[in-house]
Amino acid sequence: MNNYKQRFYGEVITKCNEVIAYNPQNKFLNKYYLLKAFAISKTSPGNVEAIASPLQDLYKLSPDSEEGIQAKMYLDKLYAGGSIVDPDQGTNQTTDSPYKVDYAAQHFLFLLYQRMAMVLKFPK
């Protein structure tokens, strides 16, 4: 869950795939299907087929469970043109950084070699 909160959606999908494939008796298996669908919707928004796949699998596996009912609800919402997750708010993960670029400042490039370090200074 931490990976999802930190927006490491690819890692979340990989972990969900592992649990689904290799641990089918996991008591949280249904939740892994939902989490996988949520992560896919973050990495591939608008890709209805990819997002729907784990939801369909979950609904086939356990239609009467709480998660199966949620999967059906999300499938209906998805097929009606909606999204199953809200867009990320407040941050743009591709451009936000704690580091700020000062183009007027001097910049340095460090090259490390075995047993030797070299510093190159570039003019402005």
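Read-outs throughout are calculated quantities, based only on the coordinates presented, and are distinct from any laboratory measurement. None of these values were measured; they are calculated from a predicted model. For neighbour counting, all protein chains shown are included, and Cβ atoms are generated from backbone atoms with ideal geometry for every residue, glycine included.
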| remark: Protection proxy (average C-beta count within 10 Å per residue), highest first, orders 67-74, 21-28 as 67-74, 21-28
| message | Step by step: find N for segment 2-79, compute 2.2 N^0.38 Å, then divide the Cα radius of gyration by it. What's the final number? | response | 1.02
| Distance in nm between label sites at Val85 and Ile69, each 7 Å beyond Cα in the beta-carbon direction? | 2.4
| task | Please state the charge dipole magnitude for segment 2-79, taken about the Cα centre, from unit charges on C-beta atoms (+1 on K and R, -1 on D and E), reported in debye and rounded to the nearest 20. | result | 240
